[in-house]
Amino acid sequence: LPMHIWIIPSQGGEAQLITPGNYNEHSISWAPDSRNIVFISNRSEDPDNNQRSDVWRVNIQTKEITRLTALSGSAFQPRWSPDGTRIAYLATSSKVSTNDSQSDDTHLHVMPSEGGIARCLTKSLDRRIENLQWHPGSESIYFTAADKGSLPLYTVSITGESIQLIIGSECQIPEYSCNADGSMIAFLRTNIVNPPEIFIMNSGQQEAL
């Protein structure tokens, strides 16, 4: 059976299906105003035999579904910006996207929340981008990217002008989270001789450990 998006009142009650149909939906992200949800879905003619997933939006009141990207590759991890004006997502760009093909690296893209032209922010970084999160101020995005056995945490401005290494050049940062105003980052840090431990640092620091 297809996997769909349902919503349920926070205090409990009857669940409501908002994405009926014959396609799978996953990787949801609420809009800050709670009126829309973005998600990933492959709605091509033969979705079982290709990897052409796109970013879609559903209005939770009208159940109207809108396609926001038309990629030759695949989209992943859509994330609505805290101010509601943009959507960030990961994507591949290869035109060869069968289930048996070698996928290319995922890169970070940003587009207007209503859809439109997307910009790739990490084209200059020859690494596979993962685990993206918006800074609470909506002017930059954090992400991880594996590099020679390490998994560093980076940040990039929404203009794409600069990519900065935050922490992790000789370790791995599998999980991280910002506080409400973005001034602090909590993260797990591990390497080949130490188990994961929790650290905290000022967001303005770089390579603090």
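Just a few scattered comments:
- Seen through its C-alpha gyration tensor, with square-root eigenvalues sorted a ≥ b ≥ c, region 160-205 comes out oblate because a/c lies at 1.5 or above while a/b is not bigger than b/c.
- Apportionment of accessible area to carbon and sulfur, region 160-209, percent (1.4 Å): 51
- Choice from GLY12, GLY137, GLY84 showing the highest fluctuation, given a GNM over the chain with Cα pairs closer than 10 Å: GLY12
- Couplings for region 36-48, taken from phi via the Karplus curve 6.51 cos²θ - 1.76 cosθ + 1.60 with θ = phi - 60°, read 9, 10, 9, 7, 9, 7, 9, 10, 6, 5, 9, x, 6 Hz in order; Gly and Pro are left as x.
- Relative contact order, percent, the chain [alpha-carbon distance under 8 Å, six or more residues apart]: 10
- For region 78-171: rounded, prolate or oblate by the Cα gyration tensor [a/c cutoff 1.5]: oblate
- Prolate/oblate/rounded label for region 125-209 (Cα gyration tensor, a/c 1.5): oblate
- In the full protein context, region 125-209 carries 52 Å² of accessible surface per residue, based on a 1.4 Å probe and ignoring ligands, DNA and RNA.
- Which labelled figure in (1) 19.8, 71; (2) 18.1, 53; (3) 16.6, 51 is Rg and Dmax of the Cα atoms in Å, once derived from the coordinates: (2)
- Region 1-86: relative contact order in percent, alpha carbon pairs under 8 Å with at least 6 residues between: 24
- Here region 1-98 exposes an accessible surface that is 48 percent carbon and sulfur, computed with a 1.4 Å probe and the other protein chains kept in place.
- Each residue of region 11-21 was assigned a 3J(HN,Hα) from its phi angle through the Karplus curve 6.51 cos²θ - 1.76 cosθ + 1.60 (θ = phi - 60°); the sequence is 8, x, x, 7, 6, 10, 7, 10, 10, x, x Hz, with glycine and proline shown as x.
The values are calculated or read from the model by the stated rules, or taken from the named source; none is laboratory data. Note that the structure is predicted; figures quoted are calculated from it, not measured. The area values use the complete protein model at the heavy-atom level, side chains included, leaving out ligands, DNA and RNA. Shrake-Rupley method; radii C 1.70, N 1.55, O 1.52, S 1.80 Å.
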